[in-house]
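Novice: Have a look at the structure that comes next, please.
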Amino acid sequence: MSDIASKVTKIIVEKLGVEESEVTTEASFTNDLGADSLDTVELIMEFEKEFNVSIPDDQAENIQTVGQAVAYLEENSK
Amino acid sequence: MELKRVVVTGMGALTPIGNTVEEYWNGLKNGVSGANPITHFDPTEFKTQFACELKGFEVTDFIPRQDARKMDLFSQYGVVIATEAVEDSGLDLEKVNKDKIGVIWGSGIGGLKTFEEEVLNLADNNLVPKFNPFFIPKMIADSASGHISMKFGFRGPNYVTVSACASANNAIIDAFNYIRLGRMIACVTGGSEAAVTRAGVGGFNALRALSTRNDDYKTASRPYDKDRDGFVLGEGGGGLILEEYEHAKARGAKIYCELVGGGISSDAYHITAPHPEGVGAYLSMEDALDDAKMKPEDIDYINTHGTSTGLGDPQEIKAIQNLFKEHTYNMSISSTKSMTGHLLGGAGAVESVAAVLAIQHQTVPPTINLFNVDEEIDQKIDLTPNKAKERKINTVLSNCFGFGGHNATLIFKKMEE
């Protein structure tokens, strides 16, 4: 697992109270990990803070799964 | 229309002197002080460096961490208290009509810690807004009753009353009224507060409302004592299950006592100071007696608001003497805030639990730290100094007064068929 992927996993485990094994690349925040819309907003904010990026709302809407988050952050984080 | 009777069938408590109703009663009857040096934050820079905090409370013993972190402390306390009360009531959640059960809670301030943390983050972030999406739902005072309803699926009336330190009594009166009118069969009611924060302590310090007896904090909350110097901030709360009498009887519920009256008034005088002659306090107690169809002579014990402030304590006693006249000397009077500290919006709730327990155990909890009764107060009044007192208690009147001039009074009565 990349450094970014492991940090993303850690944030998701912390915020959503799920097991690390559930946080797979394909896992959807809302469908698989029990997040509601507010949880998802909070996750995006945590990613922004952790990786020192600003994720515009229209981009954030496309981040629905763990894999999408990791891919976005690998591309955009400094 | 004939009003229905309302009884208490369950209780919960989370207080600085006990984390359950049983522990709370042990603390009350033994005259335990709940004061401690502040642990919630570093109080070095504060005039007051102690409070009555909860002891050994771990929210994750009751609520999963990922749910708890979406609640401010006062809501967490509310859910924990409500859980004890609902379990104590023996209500069968599979069978009971949950659409007719409400949650009416009280909180004077709401999520102060959440507000503080978010504003500090804003400052740290050079005023660039990065608010947590849970900021508002954690902070707003009504989130406590919302969380309680979600935990149990109670779909009846649901809101939080805000009248400062009278909040919980207002909540209980509202619950009482809806049940009397037949609009609910039962209600989870009470209140909770979690204001032992920098803003809470600093704000009340600025009002000169808090005791600063840092060198002897255990005796700082001393209602009616001549050397009292302000109230001691407490946290936690209490809860009651109020239930329509016939419903409780039909299911064979354990009935602690009856709630027979609720009185409400306003001082219309000053935003923080009580009326010096206790005009509002008098009206509230009179209103409660009228509501209960009782005479002053019917009251055995008054659990006073008695916060240990210079102005507040004597005005309440004046109001009691004006209303109860000679009967004042027959009653027992005490302020349990001497032990719990002042739970603000939760005060009426923990004191209601104390009132019900006093009837159950036929014992008046004491006013501790009463060394020398203030000369302004009639020395012949039994303020239950320092030791609990066994006596006949059929009825208890419990007062709460809040900044803003809000007054609310409850009367509980031993159960009679």
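The values are calculated or read from the model by the stated rules, or taken from the named source; none is laboratory data. What you see is a predicted model, and the numbers here were worked out from it, not measured in a lab. With ideal geometry, Cβ positions are generated from the backbone for all residues, glycine too; neighbour counts draw on all protein chains shown. Just the protein is used for accessible areas: all its heavy atoms, side chains included, with ligands, DNA and RNA removed. Shrake-Rupley method; radii C 1.70, N 1.55, O 1.52, S 1.80 Å.
Novice: What accessible area per residue comes out for segment B:246-366, rounded to a whole number of Å², with a 1.4 Å probe?
Specialist: So segment B:246-366 comes to 32 Å² accessible per residue, rounded to a whole number.
Novice: I want to check the label-to-label distance for residue B:416 and residue B:155. Put each point 7 Å from Cα in the C-beta direction and report it in nm to one decimal.
Specialist: 4.0 nm
Novice: Compute for chains A and B the buried accessible surface, both sides summed, probe 1.4 Å, and express it in Å² to the nearest 100.
Specialist: 900 Å²
Novice: A follow-up question, please. Charges on Cβ only, +1 for Lys and Arg, -1 for Asp and Glu, centred on the Cα centroid of the protein assembly as shown; of B:367, B:329, B:301, which one is farthest towards the dipole's positive end?
Specialist: The residue sitting most towards the positive pole is B:329.
Novice: Counting only DSSP beta bridges with both residues in chain B, what percent are antiparallel, rounded to the nearest 5?
Specialist: 65 percent
Novice: Using a 1.4 Å probe on the protein chains only, how many percent of the accessible area of segment B:7-417 belongs to carbon and sulfur?
Specialist: After summing per-atom areas, the C and S share lands at 51 percent.
Novice: Give me the percent relative contact order of segment A:3-76, please, defined on Cα pairs under 8 angstrom at least 6 residues apart.
Specialist: After rounding, I find 38 percent.
Novice: Residue B:183 versus residue B:26, label points 7 Å from Cα toward the beta carbon: distance in nm?
Specialist: Reported label-point gap for residue B:183 and residue B:26 is 4.1 nm.
Novice: Sticking with this one: Return the long-range amide H neighbours of residue B:165 (sequence gap of 5 or more, or a different chain), with a cut-off of under 5 Å between placed amide H atoms.
Specialist: It is B:402, B:403, by chain and number.
Novice: From the backbone phi of segment B:100-112, what are the Karplus-calculated ³J(HN,Hα) couplings (6.51 cos²θ - 1.76 cosθ + 1.60, θ = phi - 60°) in whole Hz, Gly and Pro given as x?
Specialist: Here the 3J(HN,Hα) series is 10, 10, x, 10, 10, 10, x, 8, x, 10, x, x, 5 Hz.
Novice: I'd like the Karplus ³J(HN,Hα) series for segment B:212-228: coefficients 6.51, -1.76, 1.60, θ = phi - 60°, whole numbers in Hz, and an x wherever there's a Gly or Pro.
Specialist: In residue order, the calculated couplings are 10, 6, 5, 7, 8, 4, 5, 9, 5, 7, 9, x, 6, 6, 5, 9, 4 Hz.
Novice: May I ask you to order B:119-128, B:245-254, B:342-351 by the average number of other C-beta atoms within 10 Å around their residues, highest value first?
Specialist: B:342-351, B:245-254, B:119-128
Novice: How large is the charge dipole for the protein assembly as shown, taken about the Cα centre, if only the Cβ atoms of Lys, Arg (+1) and Asp, Glu (-1) carry charge, to the nearest 20 debye?
Specialist: 1440 debye
Novice: Using protein chains only (no ligands, no nucleic acids) and a 1.4 Å probe, work out which residues of segment A:30-78 have their accessible area cut by at least 20 Å² relative to the chain alone.
Specialist: Residues meeting the cut-off: A:38, A:39, A:42, A:45, A:48.
Novice: Simple spin-label model, 7 Å along Cα-to-Cβ: residue B:87 to residue B:42 in nm?
Specialist: 3.8 nm
Novice: About its Cα centre, how strong a charge dipole does segment A:3-76 have in debye, to the nearest 20, once Lys and Arg get +1 and Asp and Glu get -1 at the Cβ?
Specialist: 140 debye
Novice: Determine which residues of segment A:8-30 fall in the zone a paramagnetic label at residue A:48 would reach in this model, i.e. backbone nitrogen under 20 Å from the point 7 Å along Cα→Cβ.
Specialist: Under 20 Å, as judged by backbone N against the label point of residue A:48, lie A:8-16, A:29-30 of segment A:8-30.
Novice: Starting from the Cα of residue B:311, step 7 Å toward the Cβ, then list every residue of segment B:399-417 with an amide N under 11 Å from that point.
Specialist: Only B:403-405 fall inside the zone, counting backbone N under 11 Å.
Novice: A further question on this structure: Considering only DSSP beta bridges whose two residues both sit in the protein assembly as shown, what percent are antiparallel, to the nearest 5?
Specialist: 65 percent
Novice: Pull out a ≥ b ≥ c, the square roots of the eigenvalues of the alpha-carbon gyration tensor of chain A, then state rounded if a/c is under 1.5, prolate if not and a/b is larger than b/c, and oblate in the remaining case.
Specialist: oblate
Novice: Residues in segment A:56-78, backbone N under 12 Å from the label point at residue A:3 (7 Å along the Cα-to-beta-carbon vector): list them, ranges by number please.
Specialist: Once the point is set 7 Å along Cα→Cβ of residue A:3, A:78 turn out to lie under 12 Å by backbone N, inside segment A:56-78.
Novice: While we're looking at this one, here's another question. Regarding chain B, what are the three Cα extents along the principal axes, ordered largest first, in Å?
Specialist: Extents along the principal axes, in whole Å: 63, 55, 38.
Novice: Which whole-angstrom value gives the distance between the alpha carbon centres of segment B:210-287 and segment A:41-64?
Specialist: 47 Å
Novice: While we're on this one: Just from its helices, what would the mean residue ellipticity at 222 nm be for the protein assembly as shown, if runs of 4 or more DSSP H residues each count -39500 (n - 2.57) and the sum is divided by every residue, rounded to the nearest 500 deg cm²/dmol?
Specialist: -10500 deg cm²/dmol
Novice: Are there any residues in segment B:124-145 with a reduction of at least 50 Å² in accessible surface when going from the isolated chain to the assembly of protein chains? Probe 1.4 Å, please list them by number.
Specialist: Buried by the other chains: B:130, B:133, B:134.
Novice: While we're here: Count the DSSP beta bridges whose two residues both fall in segment B:156-261, then state the antiparallel fraction as a percent rounded to the nearest 5.
Specialist: Given both bridge residues lie in segment B:156-261, the antiparallel proportion sits at roughly 80 percent.
Novice: Return one whole number: the accessible area per residue of segment B:115-208 in Å², for a 1.4 Å probe.
Specialist: Counting only protein heavy atoms, the per-residue value for segment B:115-208 is 42 Å².
Novice: 5 Å is the cut-off here: which amide hydrogens, built 1.01 Å from N in the peptide plane, fall below it relative to residue B:261, excluding neighbours closer than 5 in sequence?
Specialist: Counting only residues 5 or more places away or on other chains, the set is B:411.
Novice: Sort B:71-79, B:393-401 for me by packing, meaning the mean count of neighbouring Cβ atoms within 10 Å per residue, highest on top.
Specialist: B:71-79, B:393-401
Novice: Starting from the exponent 0.38 and prefactor 2.2 Å, build the expected Rg for the protein assembly as shown from its residue count and divide its actual Cα Rg by it.
Specialist: Here the answer is 1.05, to two decimals.
Novice: Right, next: Which whole-number percentage describes the relative contact order of chain B, with Cα contacts under 8 Å and a sequence gap of 6 or more?
Specialist: Normalised by residue count, the contact order of chain B is 24 percent.
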